[in-house]
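To keep things clear, I will list the structure first and then write my remarks on it.
The values are calculated or read from the model by the stated rules, or taken from the named source; none is laboratory data. Please read these numbers as outputs of a predicted model, since none were measured by experiment. Counting neighbours? That spans all protein chains shown, and the Cβs are built from the backbone with ideal geometry, glycine included. Please note that ligands, DNA and RNA were not included when accessible areas were found on the heavy atoms of the full protein model with its side chains. Shrake-Rupley method; radii C 1.70, N 1.55, O 1.52, S 1.80 Å.
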Amino acid sequence: MDLLQKILVPLIGLILAFWFYSGKEDFKPEMLKGKHVIVTGASSGIGEQMAYHLAHMGSHILITARTESRLQKVVARCLEMGAASAMYINGSMEDMMFAQSVVKKALELWGNLDMLILNHIGTSDFHYFDRDIAHVQKLLDINFLSYVAMTTAALPMLKNSGGSIVVVSSMAGKVGFPFVAPYSATKFALDGFFSSLRQEFVMRNTNISITLCILGLINTENAMKAVSEVYASSAAPKEECALEIIKGGALRQREVYYKYTPTKIPLLIRDWAPDLLDYFIRLKYNVGKQED
Ligand SMILES: NC(=O)c1ccc[n+]([C@@H]2O[C@H](COP(=O)([O-])OP(=O)(O)OC[C@H]3O[C@@H](n4cnc5c(N)ncnc54)[C@H](OP(=O)(O)O)[C@@H]3O)[C@@H](O)[C@H]2O)c1
Ligand SMILES: *[C@@H]1O[C@H](CO)[C@@H](O)[C@H](O)[C@H]1NC(C)=O
Ligand SMILES: *[C@@H]1O[C@H](CO)[C@@H](O)[C@H](O)[C@H]1NC(C)=O
């Protein structure tokens, strides 16, 4: 990937220049002040960091995950950091009734919603596909279907507020990576569903933005535990990652790439030389330690 980056540096320059001169609005933390935001998967990792950024910006926050004790700690810290309010609701996104009840809770609490940040994922292993169909189905429920259920439930409130949906995805939701077939499938599904929905919003003048976030490797505890022995790539900081996601959502961007160059460049190659990109991805895998 290093070599590719060197070859394509002038190209990046052009893209950045285009992006810079396209006259987009700048992000200001005040954009989130007093806003009502749901963050899912906020008991750890990137979701937890997003809650802290939002607290600092003075948002009303509703967070969710399964583990109540961790959510309580995150809420307490959010209040210390200046959140306008902070609440949690615990449960599993395997259950679509629960997914919808999170949105219902926001309706009861606030009667209003400005941003829905969909970030949670079910646990999945990092190894060759083990033919476990039940796991694929379960992961589709948690990582995909619950996102659809929450979005559907939140549409009336988001229409009222001219709000935003932020969907956290991955490089594995744009290109194939080994050892994450079920996870990858759920992330590709999100791209398909939300890209289609975005088109319909434009056609029907529905003023709701959809931001899809394409993340490279991030240094969250769970990700590091899962891949460290097998996948050799530097991990970007979860704190900055969380902030970039919130910025992208607030600016109503179509997609967020983080970190920008190591995610954007491979995806530019993808459409022209997919075998080459696949090859570079496989180079990062230390498969000696993996068993079939
Ligand atoms: N870290 C990376 O390298 C990386 C790279 C690309 C994309 N991403 C994306 O970034 C997002 C966050 O990743 P992360 O690394 O921060 O993950 P993480 O630290 O493992 O956090 C996952 C969150 O989801 C919750 N969760 C797990 N199973 C759940 C269930 N059945 N129902 C409800 N909540 C559940 C977890 O809390 P409980 O266990 O308490 O439920 C936790 O709060 C994900 O969408 C991921 O795909 C991450
Ligand atoms: C929610 O938290 C309670 C209390 O810790 C726990 O008993 C329950 O299992 C949690 N719910 C889910 C779905 O994990
Ligand atoms: C859509 O909503 C945003 C944010 O609430 C607002 O700034 C913008 O003016 C709205 N656009 C239209 C066309 O109503």
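Being among the charged types (D, E, K, R) and more than 17 Å from Met93 (Cβ to Cβ) is the filter here; which residues of the stretch 131-180 pass it?
Arg131, Asp132, Lys159, Lys174
When the stretch 134-160 is examined, which residues are found to be hydroxyl-bearing (Ser, Thr, Tyr) and touching a His at 6+ places or on another chain (Cβ under 8 Å)?
Hit for the stretch 134-160 is Ser146, nothing else.
Only residues that are part of a helix (DSSP H, G or I) and either at pLDDT below 95 or of a type outside the set (A, V, I, L, M) (or both): list them for the stretch 71-86, please.
Gln72, Lys73, Arg77, Cys78, Glu80
Here are the criteria: (1) open to solvent by less than 30 Å² (accessible area, probe 1.4 Å); (2) over 29 Å from Phe280 (Cα atoms); (3) away from ligand 2 (no atom under 16 Å from the Cβ). Tell me which single one Pro156 does not satisfy.
Condition not satisfied by Pro156: (1).
Is it the case, given these coordinates, that Gly249 is more than 12 Å from ligand 1 (Cβ to nearest atom) and either of a type outside the set (A, V, I, L, M, F, W, C) or open to solvent by 50 Å² or more (accessible area, probe 1.4 Å) (or both)?
yes
Among the hydrophobic types (A, V, I, L, M, F, W, C), within 16 Å of ligand 2 (Cβ to nearest atom) and open to solvent by 50 Å² or more (accessible area, probe 1.4 Å): does that describe Ile142?
no
Go through the stretch 53-70 residue by residue and tally those that are under 15 Å from Asp114 (Cβ atoms), in a strand (DSSP E or B) and either open to solvent by 20 Å² or more (accessible area, probe 1.4 Å) or in contact (Cβ under 8 Å) with a residue 40 or more places away in the chain (or both).
Selection size over the stretch 53-70: 2.
Across the stretch 230-246, which residue is least open to solvent (accessible area, probe 1.4 Å) among those that are within 30 Å of Lys35 (Cα to Cα) and not in a helix (DSSP H, G or I)?
This residue is Ala236.
In the stretch 74-131, what residues are touching a residue at least 40 places away in the same chain (Cβ under 8 Å), more than 16 Å from ligand 2 (Cβ to nearest atom), open to solvent by 70 Å² or more (accessible area, probe 1.4 Å) and farther than 22 Å from Leu155 by Cα?
Asp125, Tyr128, Phe129
Scanning for something open to solvent by less than 40 Å² (accessible area, probe 1.4 Å) and within 14 Å of ligand 1 (Cβ to nearest atom), does the stretch 196-209 turn up at least one residue?
Looking through the stretch 196-209, none of the residues is open to solvent by less than 40 Å² (accessible area, probe 1.4 Å) and within 14 Å of ligand 1 (Cβ to nearest atom).
I'd like the full set of residues that are of a type outside the set (A, V, I, L, M), more than 14 Å from ligand 1 (Cβ to nearest atom) and assigned to a loop (DSSP other than H, G, I, E, B), limited to the stretch 87-126.
Correct list: Gly111, Asn112, Asp114.
Being exposed (fewer than 13 other Cβ atoms within 10 Å of the Cβ) and of a type in the set (D, E, K, R) is the filter here, so list the residues in the stretch 252-292 that pass it.
Arg254, Asp271, Asp275, Arg282, Lys289, Glu291, Asp292
Return the pairs, sorted by first residue and then second, in which the second residue is acidic (Asp, Glu) and modelled with pLDDT under 95, the first residue lies in the stretch 274-292 and is closer than 14 Å to His127 by Cα, the beta carbons are less than 6 Å apart, and the residues are 6+ apart or on different chains.
That search, which allows pairs on different chains as well, returns Lys289/Glu229.
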